[in-house]
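What follows is a single structure, written as structure tokens, with notes after it.
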Amino acid sequence: MVRSRFMAQMEQLNTELIVMGTLCENALEKVANALDNPTDEVSRDIIILSKKTEEKERELENICINLLLKQQPVASDLRQISSALKMVTDMRRIGEVAGNIAEILNQDNLRMDYDTSILKKMAAATKKMVSNTLDAFVKSDIRTAQQVERDDDQVDELFAQSKHELIQIIRNSQDSGEQAIDYLMIAKYFEKIGDHAVNISQWVLFMITGTLEEDSIHDILRGGRS
């Protein structure tokens with residue numbers, strides 16, 4: 001009876017983790033659509049999704065704490081619960097960063113004639129990374145979790161391209177300098193989202209295998225990727 005109740009709560013934890021990840025995916029999709037056509041309504045929608053991820057983080061933390069305090073998890077269960085606690089922090093940060101991008105896009109002065117194709121690629125790549133972390137979690141798929149870190153290399157390359165372009169604009173155009181800085185900040189935010197997706201994938205791997213890669217351990221000792 002006690003074990004069956006525990007398993008039901010673990011199933012609830014898994015379900016709510018998927019819900020939270022889906023909120024992040026939805027926010028990133030709206031951000032991608034807003035890059036060329038930012039509106040007050042879309043920005044509000046993204047910020048609402050961002051706040052929902054904060055609420056979901058608190059909800060999931062409570063579930064985890066109740067499982068730890070009121071049940072008797074075995075080692076594999078304990079690993080899953082501790083991984084979930086780490087994952088929700090990065091998911092909340094992804095939602096938070098998406099909200100930050102929405103606030104920048106909603107500024108009246110962000111009307112520079114700038115080709116956002118690289119930013120769109122970054123948006124698509126980071127959304128794919130978040131989707132893959134969810135797939136890896138649901139299916140306990142080691143290969144998919146490992147692929148997320150490799151996909152982050154593409155995001156880093158795109159950020160380098162965007163940074164180079166925008167720095168040239170800042171140097172060559174006084175009129176567009178402020179807007180270029182805003183776009184550079186958006187690119188940096190996408191890079192951060194990629195880092196958070198990698199963090200999640202590492203905790204999925206820990207949940208599955210019970211081990212952390214050496215680089216992951218160093219990240220944890222430094223407080224994780226930010």
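The values are calculated or read from the model by the stated rules, or taken from the named source; none is laboratory data. All of these numbers come straight from a predicted model, not from anything done at the bench. Counting neighbours? That spans all protein chains shown, and the Cβs are built from the backbone with ideal geometry, glycine included. Just so you know, the surface numbers come from the protein's heavy atoms only, side chains and all, with ligands and any DNA or RNA stripped out. Shrake-Rupley method; radii C 1.70, N 1.55, O 1.52, S 1.80 Å.
Points to keep in mind about this one:
- Highest mean packing comes first when the peptides 72-81, 159-168 are listed by Cβ atoms within 10 Å, giving 159-168, 72-81.
- Note: region 103-205, Cα convex hull, 81 Å³ per residue.
- Between I142 and D113, the modelled label-to-label distance comes to 5.4 nm, taking each label 7 Å out from Cα in the direction of the beta carbon.
- Projected onto planes of every orientation and averaged, the convex hull of the alpha-carbon atoms in region 40-137 covers 7.5 nm².
- Per residue, the solvent-accessible area of the chain (1.4 Å probe, heavy atoms of protein chains only, all protein chains present) comes to 51 Å².
- Percent of Cα-Cα distances greater than 16 Å, calculated over region 1-88: 57
- Net dipole in debye of region 1-64 [+1 Lys, Arg Cβ; -1 Asp, Glu Cβ; about Cα centre; nearest 20]: 360
- Once Rg and the Kirkwood radius are both taken over the C-alpha atoms of the chain, their ratio Rg/Rh works out to 1.03.
- Computed lengthening from N66 to D135, 0.36 nm per intervening residue step minus Cα-Cα distance: 22.3 nm
- P(r) for region 104-157, from all Cα pairs and a bin width of 10 Å, is 22, 37, 23, 13, 4 %, short bins first.
- Inter-site label distance for Q174 and I48 at 7 Å from Cα along Cβ, in nm: 4.4
- Share of Cα-Cα pairs in region 81-132 lying beyond 19 Å, as whole percent: 43
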